């Protein structure tokens, strides 16, 4: 099938019309994120505040006033010998009391046990989640609910601007800045009491570190890693938290290409800390799959309107088979250009987008008019084109050996992308044309359903980019927990 032929477009129109697209119904039930504050007897709201409370009969109840708490002050507390059932919607008051009674470590063991005992299929699926996108949607849903119910993060206040506490919200490295901004503004997950924290956040920006300390044309990034080493050593000397776990319950979020290399002067920082990195390359020995988190690389052009211009055209209005334009960075892009640059009308493969092409159609319009968007690695394995393709409803084609795709522990990338080995670049068109049309239509539909999980929202919403990244970090923390008989 040749994608430029009119009869192919007509067939696309017909199939697209008859394909049943999933519809997400509006969820009107009591969700875990309804904002009902939960306050303990000391007036603290340390327990996550996004949980509705119900009585034993399932009826929603309000928090009692101070006089009620006084009347209960000298009553004998309820003794719970075994953990209640896992979190449901709405969450029973008994479960909230049980969670509140646990120590920091006990709550992690509880969550780990819940995840080990989960059924493969939930009897209460969340209508906000589209199952084909996930490796196991039931497992993800339960883990996410446990995160909402339990997780507390302590943010170190040490460190001077601009390297710490000053997010950069624009450009291709904006993911680390947006996460930092939203995390520091968050009230649900952040605690000021480090003894209650399950995770400790190192709020530095790899981009700001590079801008502040790197000497242009020096080819020397050692000063960056020494600076971060000294900062971590200061924290370890000032507080007991790092030495307690040798940094394994600490995490950082770095999207700059040099993010992994800023860690190498500190052995425990490199080996033990949970690293959320855009440069998720398993071949370099810094990023470890299953322990660390692959961070999505997003280009934000307007921080005031991060979601501006999203969306794409109908499948029948995408006459271009595949598209790529960009600088010739790294080993893969020159090979891509060698085999496909200006050689095939269906394969719009360029270096920087030439004027003859940009006069007809902008870079973004090319992506919106293409069925497949080629996402080759540059100097490093990740590329902002992956998320751009998702934003413009174009099926991403990832060409980067040793790359772990973003949020890979929960998302099934085979459902909405094509991953091509670098050695198969000469066969790229053949591989794309071999994909059945119905399979392509499913992938393109899945890309549209996936979008909300890659949105940066000024006011975060459930399952958006911020929460997906935080969940992956929570998931990595639970992976560290070993269940023993004594547990």
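The values are calculated or read from the model by the stated rules, or taken from the named source; none is laboratory data. What you see is a predicted model, and the numbers here were worked out from it, not measured in a lab. In this analysis, Cβ positions are derived from the backbone assuming ideal geometry, glycine residues included, and neighbour counts consider all displayed protein chains.
Among the residues of segment 297-319, the ones that are assigned to a helix (DSSP H, G or I) and either crowded, with 17+ Cβ neighbours inside 10 Å or not assigned by TED's automatic domain parsing to the domain that holds residue 369 (or both) come to 1 in all.
In this structure, does residue 176 turn out to be part of a helix (DSSP H, G or I), in contact (Cβ under 8 Å) with a residue 12 or more places away in the chain and within 18 Å of the chain's Cα centre (by Cα)? Yes, satisfied. For segment 158-169, a tally of residues being exposed (fewer than 15 other Cβ atoms within 10 Å of the Cβ) and in contact with a strand residue (DSSP E or B) (Cβ under 9 Å, 6 or more places away or on another chain) returns 1. For residue 337, state whether it is under 17 Å from residue 400 (Cβ atoms) and out of contact with any helix residue (DSSP H, G or I) (no Cβ under 7 Å at 6 or more places or on another chain). Considered against the rule, which asks whether it is under 17 Å from residue 400 (Cβ atoms) and out of contact with any helix residue (DSSP H, G or I) (no Cβ under 7 Å at 6 or more places or on another chain), residue 337 comes out as yes. All but one of (1) surrounded by 21 or more Cβ atoms within 10 Å (Cβ to Cβ); (2) at pLDDT below 95 hold for residue 254; which doesn't? Among (1) surrounded by 21 or more Cβ atoms within 10 Å (Cβ to Cβ); (2) at pLDDT below 95, residue 254 violates only (2). Within segment 135-155, the set of residues being surrounded by 19 or more Cβ atoms within 10 Å (Cβ to Cβ) and touching a strand residue (DSSP E or B) at 6+ places or on another chain (Cβ under 9 Å) comprises 140, 141, 145, 148, 149, 151, 152, 153, 154, 155. Any residue in segment 112-123 that is farther than 30 Å from residue 395 by Cα, crowded, with 19+ Cβ neighbours inside 10 Å and modelled with pLDDT of 90 or more? Yes, segment 112-123 contains at least one residue that is farther than 30 Å from residue 395 by Cα, crowded, with 19+ Cβ neighbours inside 10 Å and modelled with pLDDT of 90 or more.
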